[in-house]
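Enquirer: Can you keep this structure in mind? I'll have questions shortly.
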Amino acid sequence: QTASSTPPIDPGTPVPVPAIPAPGQDPQDWVTDLQLLHHYTTTTSLTFPALSLRNDPSIRRLWQIEVPNQAFRHPFLLHQLLSISASHLARIEPHNRKQWSLRASHHQSLALNGMQAALGQIGPVNCHALFAASSLLFMASLGAADPSRAEEFTVDALVDIFLLIKGVNIVLDSSREMIKNGPLSEFVTLRQGAEETPEVLTRVTHALEGLLLDLLESKDSLCSIIRAEVNRMLQAIKMCVERSRDPMYRMIAIWPIMMPDELVRLLRQRNQAALALLAYYCVVFRAAELEGYWFLEGWPRAVLKDIHRSMMPPWVRHSTVAMEWVGGKG
């Protein structure tokens, strides 16, 4: 037996286990977190893309079994699971919203702190958990907002979430091959695309081509940045149609990850052309919301109204068209 090997456990020897709950932990918090984990595995995980629209057994196994297994090894991922579970309960139990929202915020803070520390040492041990946590972060951040409080759904609030999830790209860029060959490989495996391009994506594609023409005619020096981003969104739409059976959701999750810091800055400044581009993103966002994803509820129409209030000629025609498509009013 080598020094590094683990000696066999004598069946007659009691195995020491950690105190439950942990010293200093409120017993009720421990029970609540067990409830959250149970809700995640039995309910929340089934509301995710590829499961709420169609019960893809391979993806179901990943969210219900493989991701929790990773979470037991990496506390930041466990906190992320508990956070999104609490946010889901806040949506379906509005009478207990305050309680669940506080618990969601508590676990989200711990998840972000843990992820930030882990990102500094990405490797074969933690890249899978980081990828899962980063993927959940988008859903959890959107789902944490209160649908009854329209003031929470603004351009700035959405851009804050975009900034959070840009970390996904760091994980993918540095660990793509390890993730492809690991326990969560199904998440990044190329799949058969949509049987046909959804009408809303065709409509938005044509609208973006029109926005490109307006940008070419503009004398604003910043328009070259936005032209590149229009092309990036067109590329994202094409890729999602070709590689995903849930192209609407895939598109709204992928484009922010690709977004450069320059566009984030222009959105913060409420640049008119940048907001016109975001207006068309909101059209796709609304189509994904209508597919029944609870964590998208309230965002697209409210953000689009916020955009429209800031728009002036000639760019306002783009937000006007987008508002008409989502059934909003200026």
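Enquirer: Solvent-accessible area per residue for the stretch 131-267 at a 1.4 Å probe radius, Å²?
Expert: Value returned for the stretch 131-267: 46 Å² of accessible area per residue.
Enquirer: Along the charge dipole of the chain, pointing to its positive end and built from +1/-1 on Cβ of Lys, Arg, Asp and Glu, which listed residue (Tyr280, Gly123, Gln28) has its Cα farthest out?
Expert: It is Tyr280.
Enquirer: What whole-number value in cubic angstrom gives the convex hull volume per residue for the C-alpha atoms of the stretch 106-202?
Expert: For the stretch 106-202, the hull spanned by Cα atoms encloses 147 Å³ per residue.
Enquirer: Let me ask something else. Run the helix sum for the chain: -39,500 (n - 2.57) per DSSP H stretch of 4+ residues, divided by residue count, reported at 222 nm to the nearest 500 deg cm²/dmol.
Expert: -21000 deg cm²/dmol
Enquirer: If exposed means no more than 11 neighbouring beta carbons inside 10 Å and the site is in a DSSP loop, what's the longest run of the chain without any exposed GluC sites (Glu not before Pro)?
Expert: Details: sites that count: Glu195, Glu196.
Result for the longest clean stretch: 1-194.
Enquirer: A further question on this structure: Determine the equivalent ellipsoid of the chain by diagonalising the alpha-carbon gyration tensor, then write out the semi-axes as square roots of 5 times the eigenvalues, largest first, rounded to whole Å.
Expert: Whole-Å semi-axes of the equivalent ellipsoid: 39, 22, 18.
Enquirer: Rounded to the nearest 0.05, what FRET efficiency is calculated for Arg60 and Glu93 with R0 set to 22 Å and r the Cβ-Cβ distance?
Expert: Step by step, r from the Cβ atoms, then E = 0.40.
Enquirer: Compute the FRET efficiency between Trp30 and Leu213 as 1/(1 + (r/R0)^6), taking r as their Cβ-Cβ distance and R0 = 51 Å, and round to the nearest 0.05.
Expert: Step by step, r from the Cβ atoms, then E = 0.30.
Enquirer: Run the numbers for His38 and Glu195: contour at 0.36 nm per residue of separation, minus the present Cα-Cα distance, in nm.
Expert: Fully extending the segment from His38 to Glu195 adds 53.0 nm.
Enquirer: For the stretch 52-106 and the stretch 273-301, what is the separation of their Cα centres, given in Å?
Expert: That distance is 22 Å.
Enquirer: Please give the charge dipole size of the chain, origin at the Cα centre, charges +1 on K and R Cβ atoms and -1 on D and E Cβ atoms. Round to the nearest 20 debye. Each step should come with its number before you reach the end.
Expert: Numbers: 30 positive and 32 negative charges, 62 e Å.
Using Cβ point charges on Lys, Arg, Asp and Glu, the chain gives about 300 debye.
Enquirer: When the gyration tensor of the stretch 51-107 is built from Cα positions, what are the square roots of 5 times its three eigenvalues, in whole Å, from largest to smallest?
Expert: Calculated on Cα positions only, the semi-axes equal 23, 17, 5 Å.
Enquirer: Using only the heavy atoms of the protein chains and a 1.4 Å probe, how would Ile225, Ile84 rank by accessible area, largest first?
Expert: From most exposed to least exposed: Ile225, Ile84.
Enquirer: Mind checking which helices in the chain clear 15 Å along their axis (Cα) and have mean Kyte-Doolittle hydropathy of -0.5 or more, DSSP H runs only?
Expert: Those that clear 15 Å and a mean of -0.5 are 75-92, 127-143, 155-165, 167-180, 199-217, 223-243, 247-258, 272-289, 316-326.
Enquirer: Could you work out how far apart the two model spin labels at Gln235 and Gln269 are, taking each label as a point 7 Å from the Cα in the direction of the beta carbon, and quote it in nm?
Expert: 2.3
Enquirer: Percent of alpha carbon pairs in the stretch 93-149 separated by more than 19 Å?
Expert: For the stretch 93-149, the fraction of Cα-Cα distances above 19 Å is 38 percent.
Enquirer: Additional query: Taking square-rooted eigenvalues a ≥ b ≥ c of the alpha carbon gyration tensor, is the stretch 170-305 rounded, prolate or oblate, where a/c under 1.5 means rounded and, failing that, a/b exceeding b/c means prolate?
Expert: Prolate, since a/c reaches 1.5 and a/b exceeds b/c.
Enquirer: If each residue of separation counts as 0.36 nm, what is the full-extension length gain between Arg203 and Lys180 once their alpha-carbon separation is subtracted?
Expert: 4.9 nm
Enquirer: Apply 1/(1 + (r/R0)^6) to the Cβ-Cβ distance of Leu290 and Glu151, taking R0 = 22 Å, and write down the FRET efficiency to the nearest 0.05.
Expert: That pair, Leu290 with Glu151, gives E of 0.45.
Enquirer: Another one. In straight Cα distance, which lysines are under 30 Å from Lys166, not counting same-chain residues fewer than 8 positions off?
Expert: Lys98, Lys180, Lys238, Lys305
Enquirer: A further question on this structure: State the Cα centre-to-centre distance between the stretch 113-166 and the stretch 205-228 in whole Å.
Expert: One Cα centre to the other: 30 Å.
Enquirer: Still on this model: Please list, short to long, the whole-number percent of alpha-carbon pairs of the stretch 265-316 in consecutive 5 angstrom bins beginning at zero.
Expert: 5, 21, 29, 21, 13, 8, 2
The values are calculated or read from the model by the stated rules, or taken from the named source; none is laboratory data. Because the structure is a prediction, the values reported are computed rather than measured. Quick reminder, even Gly has a Cβ in these numbers, built from the backbone with ideal geometry, and neighbours come from all protein chains shown. Calculation scope for accessible area: heavy atoms of the full protein, side chains included, ligands and nucleic acids excluded. Shrake-Rupley method; radii C 1.70, N 1.55, O 1.52, S 1.80 Å.
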